[in-house]
Amino acid sequence: MRGSGPLERAGLALLLMATGAGAKPRPAATGDQPQSNVVLVACDSLDGRLTFFPGNETVDLPSINFMKRHGTVFLNAYTNSPICCPSRAAMWSGLFTHLTESWNNFKGLAPDYVTWMDLMEKHGYRAQKFGKLDFTSGHHSVSNRVEAWTRDVDFLLRQEGRPMVKLTGHRKSVRVMEADWRNTDKAVNWIKEEAVNLTQPFILYLGLNLPHPYPSPYAGENFGSSTFLTSPYWLEKVNYEAIKIPKWSSLSEMHPVDYYSSYTKNCTGQFTKEEVRNIRAFYYAMCAETDAMLGEIISALQDTGLLGKTIIIFTADHGELAMEHRQFYKMSMYEGSSHVPLLVMGPGVREQQQIPNIVSLVDIYPTMLDIARIPVPQNLSGYSLIPLLHEKAESETSPRGPRPSWVLSEFHGCNVNSSVYMLRTGKWKYIAYLDGSSVLPQLFDLTADPDELTNVAITFPVIVHSLDKILRSIVNYPKVSSSVQEYNKQQFISWKQSLGHNYSSVIANLRWHQDWLKDQKKYENAIEKWL
């Protein structure tokens with residue numbers, strides 16, 4: 001363990017400014033100029049609003065602040081599906097979730113899917129990956145997939161442990177998330193021992209688990225991850241006075257899908273303000289530890305003289321509600337869950353730039369190809385971020401014309417009893433469910449109501465009609481919802497048949513076991529009725 005914080009150790013910001021990182025960026029690499037190296041650091045569950053005001057008042061994130069000073073921050077970046085595997089499938093494929101049919105954490109891309117990293121490697125880049133990838137099919141727990149498959153069943157079961165906090169270590173405990181630190185060390189060593197000697201450009205990917213909550217074994221044999229865990233060292237980076245206690249609707253006033261999510265996430269019980277504040281504080285402390293790992297990568301690039309030749313991108317697969325809207329985790333279109341960080345610095349990237357354009361993770365694929373000067377396929381859902389980073393008119397650089405003024409996010413997994421579709425454009429966020437009529441839609445004016453407390457869909461029917469028309473032009477969402485329902489049923493039937501006589505025992509002891517075992521026959525009958 002190192003005795004001090006990664007950035008304190010080197011005085012990173014001062015060091016880099018003194019060595020020229022504060023100079024105005026060079027023009028974008030063109031012609032015979034050398035191609036830039038690329039580093040992508042992707043963490044898990046970091047709320048993008050923490051990267052700009054006022055969210056950045058709650059916790060000290062020096063590496064993110066460094067990237068903002070010497071690069072660009074996107075103020076409106078979104079996940080294309082607020083859950084791990086489907087979100088990452090969108091980022092690695094450049095395609096919307098309904099196009100790759102990455103419906104849940106069990107159903108992602110095929111193992112041999114050609115990603116942007118594969119193409120960069122084919123075109124001469126040295127490619128290296130460390131840490132969490134999680135974009136292919138077949139992973140995550142049995143509970144996770146069965147909960148997703150059975151979300152249309154007429155029952156309500158708690159699928160998570162109650163969210164809680166846990167303090168570990170002492171005031172000098174820096175390395176709390178050991179697995180992430182080991183992968184960060186591997187990436188740092190690779191930069192210092194291999195990347196520095198390369199004659200070809202490189203693309204390095206580091207995937208972090210933090211600030212995703214930790215497993216909660218107290219919840220029983222098949223437990224979820226509802227523990228926010230950190231050390232006093234990281235808690236000291238949090239400004240408790242700046243922590244907002246979110247307002248909650250009463251349970252009876254909640255949107256029906258929100259109520260299902262809150263219940264299955266074990267959040268419908270009583271929580272004191274102190275409990276909520278602590279959950280949020282511990283989450284922010286986990287974000288500070290994540291930021292320090294990003295700092296290690298920046299320091300390694302500086303130490304090897306590679307910083308000025310490397311484009312660094314920092315993002316996350318989705319956010320974390322941290323008790324907003326009476327929920328933790330993600331699986332929601334509310335800002336805490338769907339808004340992701342996106343920061344870029346390096347050759348040709350403007351400094352201290354804040355970009356308000358609405359972008360999403362499918363834009364990573366064409367951006368990577370643009371950096372590597374590889375022709376961008378025309379069938380991608382995403383658009384390159386390079387014109388925005390260079391302040392160029394997109395019609396000049398893209399044969400597809402300018403990027404649309406909207407982004408699409410969709411969700412088809414567990415803890416939500418409907419397929420959900422979010423269209424974000426201008427000041428509006430429109431959320432449609434299932435077939436567009438069975439479940440009431442939501443409309444939020446994010447300018448007037450940034451906390452998304454007032455659904456104004458009934459107040460603005462013309463806006464709802466207009467946005468729904470745009471949404472249907474992008475995706476035939478009633479048809480997609482129907483396909484997901486059929487997929488869920490067929491997958492469950494296959495799984496049930498594979499278990500034979502063990503079915504009743506196995507299904508009773510998944511994450512919902514504490515509720516299921518109270519009335520086993522009732523819940524089995526509900527499934528039979530659904531089938």
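Tell me, what ³J(HN,Hα) does each residue in the range 165-182 have, in order and in whole Hz, if you take phi through Karplus 6.51 cos²θ - 1.76 cosθ + 1.60 with θ = phi - 60° and put x for Gly and Pro?
Along the range 165-182, the couplings run 10, 8, 9, 10, x, 9, 6, 10, 7, 8, 8, 7, 8, 4, 4, 5, 5, 4 Hz.
Please report how far the C-alpha centroid of the range 289-355 lies from that of the range 444-477, rounded to the nearest whole angstrom.
28 Å
Express in nm, to one decimal, how much length is gained between Asn525 and Phe271 on full extension, taking 0.36 nm for each residue of separation and deducting their alpha carbon distance.
On the way: separation 254, 0.36 × 254 = 91.44 nm, distance 3.31 nm.
Here the segment from Asn525 to Phe271 would lengthen by 88.1 nm.
Gain in length, Ser249 to Lys192, computed as 0.36 nm per residue apart minus the alpha-carbon separation, to one decimal in nm?
On the way: separation 57, 0.36 × 57 = 20.52 nm, distance 5.17 nm.
Separation in residues times 0.36 nm, less the Cα-Cα distance, equals 15.3 nm.
Scan around Thr136 for amide H atoms under 5 Å from its own, H built in the peptide plane at 1.01 Å from N, and keep only partners 5 or more places away or cross-chain.
Long-range HN contacts for Thr136: Leu109.
Antiparallel DSSP bridges in the range 40-390: what percent, to the nearest 5?
Values: 11 of 35 bridges.
Percent antiparallel among DSSP bridges in the range 40-390 is about 30.
In angstroms, what radius of gyration and Dmax does the range 378-531 have, counting Cα atoms only?
Both quantities, over Cα of the range 378-531: 21.2, 64 Å.
So what are the ³J(HN,Hα) numbers for the range 198-203, from phi and the Karplus equation (6.51, -1.76, 1.60; θ = phi - 60°), rounded to whole Hz, Gly and Pro as x?
6, 9, 10, x, 10, 10
Tell me, what HN-Hα J-couplings in whole Hz come from the Karplus equation 6.51 cos²θ - 1.76 cosθ + 1.60 at θ = phi - 60° for each residue of the range 435-448, using x for Gly and Pro?
Listing the rounded values in order: 9, x, 10, 5, 10, 4, x, 10, 9, 10, 8, 6, 6, 7 Hz.
Helix 84-93 versus the longest principal axis of the chain: what is the Cα-based angle in degrees, 0 to 90, to the nearest 10?
Helix 84-93 sits roughly 50 degrees off the main axis of the chain.
Can you list residues whose amide H is under 5 Å from Leu408's amide H, if they're 5+ apart or on another chain and H is modeled 1.01 Å from N?
none
What number comes out for the charge environment of Asp519, summing +1 per Lys or Arg and -1 per Asp or Glu over other residues with Cβ under 15 Å away?
Working: positive: Arg158, Lys518, Lys521, Lys522, Lys529; negative: Asp154, Asp515, Glu524, Glu528.
Result for the neighbourhood of Asp519: +1.
Please say if the range 325-399 is rounded, prolate or oblate, where rounded means a/c under 1.5 for a ≥ b ≥ c the square roots of the C-alpha gyration tensor eigenvalues, and otherwise the choice is prolate for a/b larger than b/c and oblate otherwise? Don't skip to the answer; put the middle values down first.
Numbers: a/c = 2.47, a/b = 1.67, b/c = 1.48.
Because a/c hits 1.5 or more and a/b exceeds b/c, the range 325-399 counts as prolate.
Would you calculate the convex hull of the Cα atoms in the chain and tell me its volume per residue in Å³? Intermediate results must be reported in sequence, preceding the final value.
Working: hull volume 77.9 nm³, N = 531.
Here the figure is 147 Å³ per residue.
Expressed in nm to one decimal, what extension gain is obtained for the pair Phe53 and Ser141 from 0.36 nm per residue of sequence separation less their Cα-Cα distance?
Values: separation 88, 0.36 × 88 = 31.68 nm, distance 3.70 nm.
Working it through step by step, the gained length comes to 28.0 nm.
Around Gly124, with a cut-off of 14 angstrom between Cβ atoms, what is the net charge of the other residues, counting Lys and Arg +1 and Asp and Glu -1?
Working: positive: Lys122, Arg126, Arg373; negative: Asp118, Glu121.
Charge balance near Gly124 sits at +1.
Note the direction-averaged projected area, equal to a quarter of the hull surface, for the Cα convex hull of the range 25-163, in nm². Numbers along the way, then the final one.
Working: hull surface 49.0 nm².
Result: a mean projected hull area of 12.2 nm².
Values quoted throughout were computed directly from the atomic coordinates according to the rules given, and no laboratory measurement underlies them. A quick note: this is a predicted structure, and the numbers were derived from the prediction, not measured. Methodologically, a virtual Cβ is constructed for each residue, glycine included, from the backbone with ideal geometry; neighbour enumeration extends over all protein chains shown.
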